[in-house]
Amino acid sequence: MAQYFEIHPENPQPRLLKQAVSILQSGGVMAVPTDSSYALVCQLDDTKAVERLRRIRQVDEKHHLTLLCRDLSELSSYARVDNRQYRLLKQATPGPYTFILDATKEVPRRVSHPQRKTIGLRVPDRKGLQLLLELLGAPLLATTFIPPGETEPLNDPEEIRERFEKLIDGVVDAGPCPQQPTTVVDLTPMENGGDAVVVREGRGSLSALGL
């Protein structure tokens, strides 16, 4: 049975989020609000939790999972970032962007892209999620919460609880999300002097990145 945490969107209660952190540290899979849509999350280094997350979404190992980081200082542990890439990242974070970067050896092979050894990274601009990441002290592995066989992400936390309460361990309810996907930008070409490549235009403004 999923535990339900109703938090204030602007002033999230640390007491409730500490309980959510305990669930994640115990191998839990949870639904949390981001600055784009609700996401399924678990700890990066928990093999069983990662497998459960993939089973709930019904996605295989080729599906690109994303790391939710609290800030850019965490990001450098999991991705190789040069000065050009860092300047662009600094312009856009926190915000509704997903950046594709080359993964470091800190990223388990099972969660990086199998052919390219890349990882998607986000620094979300959502107060409850930022506090959750701060209390956890580590990034979370995430995937947009789109139910199997559907095309739109879930945006109602009560519906998430009703439909998935036997499959997930908790729901953080901070109200609805914008329900617009992140802008996805591949930064790997910049390593060889190339330009960033827009993979998907979403909520994040391209002009803010100079693209």
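The values are calculated or read from the model by the stated rules, or taken from the named source; none is laboratory data. Quick caveat, the model's predicted, so the values are computed rather than measured. Methodologically, a virtual Cβ is constructed for each residue, glycine included, from the backbone with ideal geometry; neighbour enumeration extends over all protein chains shown. Note: accessible area is taken over every heavy atom of the protein model, side chains too, but ligands, DNA and RNA are not part of it. Shrake-Rupley method; radii C 1.70, N 1.55, O 1.52, S 1.80 Å.
Between Asp173, Asp186, Asp169, which is more than 20 Å from Leu88 (Cα to Cα), under 17 Å from the mean Cα position of the chain (by Cα) and of a type in the set (D, E, K, R)?
Asp173
Report the residue count in region 103-122 for those that are open to solvent by less than 10 Å² (accessible area, probe 1.4 Å) and at pLDDT 80 or above.
4
Only one residue in Thr98, Thr143 is open to solvent by less than 20 Å² (accessible area, probe 1.4 Å), closer than 23 Å to Val32 by Cβ and in contact with a Gly (Cβ under 9 Å, 6 or more places away or on another chain), so which one is that?
Details: Thr143 fails: in contact with a Gly (Cβ under 9 Å, 6 or more places away or on another chain).
Result: Thr98 is the single residue among Thr98, Thr143 that is open to solvent by less than 20 Å² (accessible area, probe 1.4 Å), closer than 23 Å to Val32 by Cβ and in contact with a Gly (Cβ under 9 Å, 6 or more places away or on another chain).
Identify all residues within region 30-66 that are in contact (Cβ under 8 Å) with a residue 24 or more places away in the chain, within 20 Å of Glu150 (Cα to Cα) and assigned to a loop (DSSP other than H, G, I, E, B); write none if there are none.
Thr34, Ser36, Ser37, Gln58, Val59, Glu61, Lys62, His63, His64, Leu65, listed by residue number.
Could you check region 169-211 for strands (runs of 3 or more DSSP E) lying wholly inside it with 1 or more residues that are of a type in the set (Ser, Thr, Tyr)?
On the way: elements: 170-173, 183-186, 197-200.
The qualifying strands (runs of 3 or more DSSP E) are 183-186.
Taking only region 52-78 into account, find how many residues are out of contact with any Cys (no Cβ under 9 Å at 6 or more places or on another chain), open to solvent by less than 40 Å² (accessible area, probe 1.4 Å) and farther than 30 Å from Arg163 by Cβ.
Number of matching residues: 2.
Please enumerate the residues belonging to region 1-11 that are assigned to a loop (DSSP other than H, G, I, E, B) and open to solvent by less than 20 Å² (accessible area, probe 1.4 Å). Give the steps one after another, and end with the answer.
Initial filter on region 1-11 (assigned to a loop (DSSP other than H, G, I, E, B)): 1-2, 7-11.
Those that are assigned to a loop (DSSP other than H, G, I, E, B) and open to solvent by less than 20 Å² (accessible area, probe 1.4 Å): Ala2, Ile7.
Checking the conditions here, which among Thr182, Thr144, Thr188, Thr151 is among the β-branched types (Val, Ile, Thr) and free of Cβ contacts under 8 Å to residues at least 12 places away in the same chain?
Unique residue meeting the criteria: Thr151.
Among what's in region 153-168 and is assigned to a helix (DSSP H, G or I) and open to solvent by less than 50 Å² (accessible area, probe 1.4 Å), pick the residue that is nearest to Ala49 (Cα to Cα).
Phe164
Quick test for you: out of Gln19, Gln43, Gln85, Gln91, pick the one residue that is farther than 19 Å from Cys177 by Cβ and open to solvent by 80 Å² or more (accessible area, probe 1.4 Å).
Gln91
Is it true that Ala49 is open to solvent by less than 10 Å² (accessible area, probe 1.4 Å) and under 19 Å from Pro181 (Cα atoms)?
no
Restricted to region 123-137, and to residues that are open to solvent by less than 30 Å² (accessible area, probe 1.4 Å) and out of contact with any Cys (no Cβ under 9 Å at 6 or more places or on another chain), which residue is farthest from Cys177 (Cα to Cα)? Show your work before the answer.
In the first step, residues of region 123-137 are kept if they are open to solvent by less than 30 Å² (accessible area, probe 1.4 Å); the result is 123-124, 128-129, 132-133, 136.
Filter again for out of contact with any Cys (no Cβ under 9 Å at 6 or more places or on another chain), leaving 128-129, 132, 136.
Details: Gly128: 12, Leu129: 12, Leu132: 16, Leu136: 22 Å.
Applying the filter and picking the extreme gives Leu136.
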